[in-house]
Amino acid sequence: MMEMTNESVVRRDTTRMAKLLVGGLVIVLGVTGSTLAAEGVPSTAVASAQAKVDTGDTAWVLVSAALVMLMTPGLAFFYGGLVRRKNMLSVLMQCLMILCLISLQWVALGYSLSFAPGNAFIGGLKWLFLHGVGLEPNADYAATIPHEVFMMFQMMFAVITPALIIGAFAERMKFSALCVFMLLWATFVYDPVAHWVWGVGGFLRQWGALDFAGGTVVHINAGMTALAAALVLGRRQGYPDGMSPPHNLPFAVLGAALLWFGWFGFNAGSALGANGLAGSAFTVTHIAAAAAGVTWALLDWLKHKKPTTLGMITGVVAGLVSITPASGFVTPMGAIWIGLGAGAIPWVAVTYIKGALGYDDTLDAFGVHGIGGIWGAIATGLFATKSVNPAGADGLLYGNPLLFWIQIKTVFITVVWSLVLGFVLLKIVDVFMGLRVSEHEERVGLDLTLHREAAYTVID
Amino acid sequence: MKYIIGVIQPDRLDEVLKRLTDEEIHLVTVSNVVGRGRQKGVAEVYRSHKEQGSLLKKVKLEIAVNEAFVEKTVKAITDGAQSGQIGDGKIFVLDLQECIRIRTGERGGDAIG
């Protein structure tokens, strides 16, 4: 009987998803067809593009885009290793499906809403379905690489950001609801914030807020919605005392290592060229990760008598998160301080605040990305210096309190935006389709109940 | 014929196997198991969250022997696994009704060992 009920739930879900997908496809094809017919493709674009494109810059950004792409599967293994055996595939599936879905969303409307000319709050619709996004560089964003390459590099950021949120609701969210929520979140939360900070005319960019590689857009944004998700979905059954330990820490270490590797593309690639600034970002990225890994391990050692592997890699990820907004603006010494803060502040959040408040942020998406992101954005206001990047600004420690104040305001606006809007979107999806799996499904595990698969066999 | 089940500390397995071999007891089935007794486990720490698991890792040995080997087997396991600490484990001795060697179809005491 139970089996029958499950089957029918699965079938109902699948049918609804299929209808949504078919509907979406019809709209997509209709719109592309009409735009192409109406305007055609300029035939000179390719020829003039080759004159301006710098091959070194383009090569580096192409490689960086691929590095950032690898971070989403890396994150899948980082998160997957930390869940219980019965939910391993569900986490891998969620991350990889987000990679597929958001890539399409980005092509259809995400890139245009984020980067096309628009107003202070949102990009225009001019670049829907990449219309006009060709091989010719767009000087507003990157004058020496094809516009399409810039679009692809940015796509990988748009992909990994929603994937980070998974950590907050792992082991208990319906897959169908996740797909719908992620498409809504990318469109209504990520794309506007990307426009505010990076888009031409975006109001945070106008203010002079500094976010080199996405500390605000990616990490605070995802981290705050992660907190909203932990609150809306509620705790897992048995939390906090009846939980099993992570099922495969070696996978988590492998995932963290892939994230570290990919982060060179994330930060150094954000220089959008093969140049000194990329080298500087590369250097400080690595230094901050190292400092934060050591710090977290030491704090574990002091408090729990032993340095833990999970603590060290968590510190590394927190360090990478925190250096992200600062990576184009700080010196190696600044990176050490940022790394020390990244090892300590999220550690306090995870060790003391999480337990005291009682929310079940399963894999600490808020604790690491939200808190780490906030520290990074504020630290950028402290440690930024024009000696590293003349196009940036001096921070508080270099005699410019204004930048510090701008960073604080930016953090505040983003925190409120992604917490509140994330909360509202989750509630809306909850009303229409329900966010949480049944108690039975949660107990049996999502791999079997949502995907009809098992991650590991018991017998060869 | 007896069926002897020993539940021991995992780190004592090599010593027990060596002593069994010395007594020319070669037939043994070994499994990793978890269980609990009076021994308190070590709390594991994951991102500052302590997991006080109530089930501890043990190794289970299963050995079928003829009567003449029962005490030798018990002694080998005891000598190899004993540390004097809580958690050294247990040995259970059961009557064994039948034993069949699949390759030859031999039955009873001839099929053991």
Of the residues that sit in the stretch A:276-319 and are touching a residue at least 60 places away in the same chain (Cβ under 8 Å) and more than 14 Å from every other protein chain (Cβ to nearest Cβ), which one is nearest to A:Val63 (Cα to Cα)? A:Ala278
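Would you call A:Thr324 away from every other protein chain (no Cβ under 11 Å), touching a residue at least 40 places away in the same chain (Cβ under 8 Å) and over 24 Å from the mean Cα position of the chain (by Cα)? Break it down stepwise before answering.
Numbers: away from every other protein chain (no Cβ under 11 Å): yes; touching a residue at least 40 places away in the same chain (Cβ under 8 Å): yes; over 24 Å from the mean Cα position of the chain (by Cα): no.
Spelling it out, it is not the case that A:Thr324 is away from every other protein chain (no Cβ under 11 Å), touching a residue at least 40 places away in the same chain (Cβ under 8 Å) and over 24 Å from the mean Cα position of the chain (by Cα).
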Only residues that are in contact (Cβ under 8 Å) with a residue 40 or more places away in the chain, surrounded by 13 or more Cβ atoms within 10 Å (Cβ to Cβ) and in a loop (DSSP other than H, G, I, E, B): list them for the stretch B:62-91, please. B:Asn66, B:Gly87, B:Asp88
Is there any pair linking a residue in the stretch B:21-38 that is free of Cβ contacts under 8 Å to residues at least 40 places away in the same chain to one that is in a loop (DSSP other than H, G, I, E, B), with Cβ under 6 Å and at least six apart or on different chains, and which? B:Val34/B:Leu55; B:Arg36/B:Ser54; B:Arg36/B:Leu55
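Would you pick out the residues in the stretch A:350-361 that are within 10 Å of chain B (Cβ to nearest Cβ) and either of a type in the set (A, V, I, L, M) or under 20 Å from the mean Cα position of the chain (by Cα) (or both)?
Just the residues of the stretch A:350-361 that are within 10 Å of chain B (Cβ to nearest Cβ), to begin with: A:350-352, A:354-355.
If the condition is that a residue be within 10 Å of chain B (Cβ to nearest Cβ) and either of a type in the set (A, V, I, L, M) or under 20 Å from the mean Cα position of the chain (by Cα) (or both), then A:Val350 is the only one that fits.
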Count of residues meeting criterion [within 13 Å of chain B (Cβ to nearest Cβ) and surrounded by fewer than 20 Cβ atoms within 10 Å (Cβ to Cβ)] in the stretch A:249-273: 1
How many of the residues making up the stretch B:49-61 are surrounded by 12 or more Cβ atoms within 10 Å (Cβ to Cβ) and more than 10 Å from chain A (Cβ to nearest Cβ)? 6
Matching residues, the stretch A:380-405, being out of contact with any Leu (no Cβ under 6 Å at 6 or more places or on another chain), surrounded by fewer than 20 Cβ atoms within 10 Å (Cβ to Cβ) and assigned to a helix (DSSP H, G or I): A:Tyr398, A:Pro401, A:Leu402, A:Trp405
Hey, any hits in the stretch A:159-177 for a residue that's more than 19 Å from A:Ala76 (Cα to Cα) and either part of a loop (DSSP other than H, G, I, E, B) or outside the structural domain of A:Ser438 (by TED's automatic domain parsing) (or both)? no
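Can you go through A:Phe423, A:Phe366 and tell me which one is on the phi < 0 side of the Ramachandran plot, in contact (Cβ under 8 Å) with a residue 12 or more places away in the chain, assigned to a helix (DSSP H, G or I) and touching a Leu at 6+ places or on another chain (Cβ under 6 Å)? Full working, then the answer.
Working: A:Phe423 fails: touching a Leu at 6+ places or on another chain (Cβ under 6 Å).
Criteria check complete, one pass: A:Phe366.
The values are calculated or read from the model by the stated rules, or taken from the named source; none is laboratory data. Model, not experiment: these values are computed from the prediction. Quick reminder, even Gly has a Cβ in these numbers, built from the backbone with ideal geometry, and neighbours come from all protein chains shown.
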